[in-house]
Structures are given as structure tokens and as C-alpha cells.
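Enquirer: Below are the C-alpha cells for one structure; questions will follow.
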Amino acid sequence: MKSGFIAIVGRPNAGKSTLLNRIIGEKVAIVSSKPQTTRTKILGVKSGEDYQLVLIDTPGIHKPHNKLGRRMEKYIYTATQDIDALLYVVDCNIKPEETELEAEALSGLKASGVPVILAVNKIDTMPRLNLLPVLDRLKDLYDFSDIVPISAKEDENLDELFLKLKEFLPEGPKFFPDDTITDQPERQIVSEFIREKALRLLNREIPHGIAVEIEKMQKKKDGMYEILAAIYCEKQSHKGIIIGKGGAKLKHIGSLARADIERFLGAKVYLELWVRVKEDWRNRENFISDIGFE
């Protein structure tokens, strides 16, 4: 029996959460085209007869600009402690001038002292001949234990990557029951599904100022869940945008989120959303903790 922990790290928008979901085989992390979608570390578990791979998804490595950003930076640091390997994910469309940013991010991982596997993601978006110079450029950034070109979106080379990851698992017992796929509480996953839909439907200046809090989640006698959730934004002007004309935008967010929540819970869901303004909440330590960022 082999089991161990591998942290997934990289700069924003590299496709870390999509990769986690694909390897685990279930949606445990939300996905968006917006950078810094992941705000906390998310644990995903994949178990087999002779192995258990525990993957830790982390926020994108970036320079923090507020207290929430510093909390996210702390999650990255703690996720890279006491692990067996690191999986560093980079977008193959990286521009030459961005290479230095990757080198800077990688330099901060040396202290972990564990093997680093490089996953060059989104290869479905690039002709193979164009990929070769990118791989050549990236291989000199760090003493990688392995380099695997992949497409998380199209499931390309993920079997090869999975086999590579298993090689770094030490012998040991399973840490979780076989039916465990994540350590996240149901409420946290539900709130993230709602935030994901808001990220997709709202324009660029709003999403990072959004937080979701589940205020009530109760299973009724008939098996239906009643969920009441608040979407927080930082400005009064944003509230109307999130609600939309006649409440249309908020209803759309709720409709898309409810579909994911029902699949996850395996039950019908009554979902009610409303919007509240909490100015500069990303710099309010108590509020950040209250909505689940421990």
C-alpha cells in the first residue's frame, strides 16, 4: 500500500483546479477563467486497491494586495509543508517575458525540499511544434523530477501524469476512507458553487470583491434541502449589477448553482440568494474568518 500528499501549485490561471477535478474524477474545486478563483487550499482524495493519493489544490502564487491575499499566501505555504512531492502547473501559452515570474514562484518552493513535477497544461491550445521551444525554456527554470505536457480540459496525458505522481507516494496506510473525495464541509462546497457561477456571469471589476456565506442549510423530511445564502460585495454600486434588472442576474446565478448543488447532494434543492454590501471586506480579518477562511 502506498499513500501520500502532493500539493498542486502554480501561478494564477494555470488550470490547477481543473486538473484536481479531473484526477479525482469529481468536481471538488470550482473553475473559472478569472485569476485567483481558488482562495483556500482544497484537498481531493483518489483511492485505489493499493494506493491513496491526496492532492492539495492551492491559490495561485501572486503578490498579495490585501488581508485576504495574505491569508491565501499563508494557505500556499502551509500546503507545501509535510508533503511528499509538489506538482507545479504552468500554462503552455506562457510568454517569454513571463518566464521570470515562473522562476520567482519556483524559487519559493525550494524550502520544501521535496521533488517537483512540472505539468505543462493546456497543450490542446497550441500546435505541437510550438510547444517544443516552450518545454525547452521551462526545463531550465528548476531541477524538475519530471516534466509532463498535459491538457486537463481534454484529459490528454493525465493517465501518464497520474502514474508519475504515484511513483512519489511512500509506503503507508490510507489516511481517509475509500469513499472520501474531499475534506471540505458540504456548506463550503455549496458556497463555492454559488461563487463560481457569480464569477462566470459577472464582469471583471466585481468578482474578486465577492464572497458567499451559507446562512442556512437544512434537509427537510421529504429529502429536499433548503439553502439560504448571502452574496457579499464591497460596493453599493456592485449590488445592483449582481442583482440585475428585475433580479434576472441573481436568478441566473441561482439557477446554475442549484443544478451543481443538486448533483453534488443527490437531492432537490430550494436555493434562495440575496446580496449584501460589506465595504472593504477583504481587509476585515474577523469577517474573512467568519465566512470560512480559517
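The values are calculated or read from the model by the stated rules, or taken from the named source; none is laboratory data. These figures come from a predicted structure and were not determined experimentally. Positions of Cβ are generated from backbone atoms using ideal geometry, with glycine treated the same way; all protein chains shown enter the neighbour counts.
Yes/no matrix, rows are residues, columns are (1) over 30 Å from K235 (Cα atoms); (2) among the small types (G, A, S):
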residue: G108; (1), (2): yes, yes
residue: S112; (1), (2): yes, yes
residue: I117; (1), (2): yes, no
residue: E156; (1), (2): yes, no
residue: D159; (1), (2): yes, no
residue: F162; (1), (2): yes, no
residue: P177; (1), (2): yes, no
residue: T182; (1), (2): yes, no
residue: G209; (1), (2): no, yes
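Enquirer: Something else now. Within the stretch 173-195, does at least one residue satisfy the condition of being crowded, with 18+ Cβ neighbours inside 10 Å and closer than 26 Å to I94 by Cβ?
Expert: No, that holds for no residue.
Enquirer: Right, next: Scanning for something assigned to a loop (DSSP other than H, G, I, E, B) and over 16 Å from I291 (Cβ atoms), does the stretch 226-233 turn up at least one residue?
Expert: Looking only at the stretch 226-233, we keep the residues that are assigned to a loop (DSSP other than H, G, I, E, B), and these are none.
No, the stretch 226-233 has no match at all.
Enquirer: Next question, about the same structure. Taking L53, is it at pLDDT 65 or above and not in a helix (DSSP H, G or I)?
Expert: yes
Enquirer: Please state which of the following conditions N93 fails to meet, knowing it meets all the rest: (1) out of contact with any Asp or Glu (no Cβ under 8 Å at 6 or more places or on another chain); (2) surrounded by 12 or more Cβ atoms within 10 Å (Cβ to Cβ); (3) not in a loop (DSSP other than H, G, I, E, B).
Expert: Among (1) out of contact with any Asp or Glu (no Cβ under 8 Å at 6 or more places or on another chain); (2) surrounded by 12 or more Cβ atoms within 10 Å (Cβ to Cβ); (3) not in a loop (DSSP other than H, G, I, E, B), N93 violates only (3).
Enquirer: Also, I was wondering about something else. Looking only at the stretch 194-215, count every residue that is modelled with pLDDT of 85 or more and either farther than 18 Å from F264 by Cβ or in contact with a Ser or Thr (Cβ under 8 Å, 6 or more places away or on another chain) (or both) and tell me the total.
Expert: 11
Enquirer: Please return the ranges of helices (runs of 4 or more DSSP H) entirely within the stretch 97-186 where 3 or more residues are within 18 Å of L43 (Cβ to Cβ).
Expert: Those helices (runs of 4 or more DSSP H) span 158-167.
Enquirer: Here are D136, D140, D159: which of them is surrounded by fewer than 13 Cβ atoms within 10 Å (Cβ to Cβ), within 20 Å of D57 (Cα to Cα), acidic (D, E) and free of Cβ contacts under 8 Å to residues at least 40 places away in the same chain?
Expert: Values: D136 fails: within 20 Å of D57 (Cα to Cα); D140 fails: within 20 Å of D57 (Cα to Cα).
Result of the check over D136, D140, D159: D159.
Enquirer: A further question on this structure: Quick check: anything in the stretch 198-215 more than 26 Å from S17 (Cβ to Cβ), among the charged types (D, E, K, R) and not assigned by TED's automatic domain parsing to the domain that holds I42? Reasoning before the result, please.
Expert: Step one: filter the stretch 198-215 for residues more than 26 Å from S17 (Cβ to Cβ), giving none.
No, the stretch 198-215 contains no residue that is more than 26 Å from S17 (Cβ to Cβ), among the charged types (D, E, K, R) and not assigned by TED's automatic domain parsing to the domain that holds I42.
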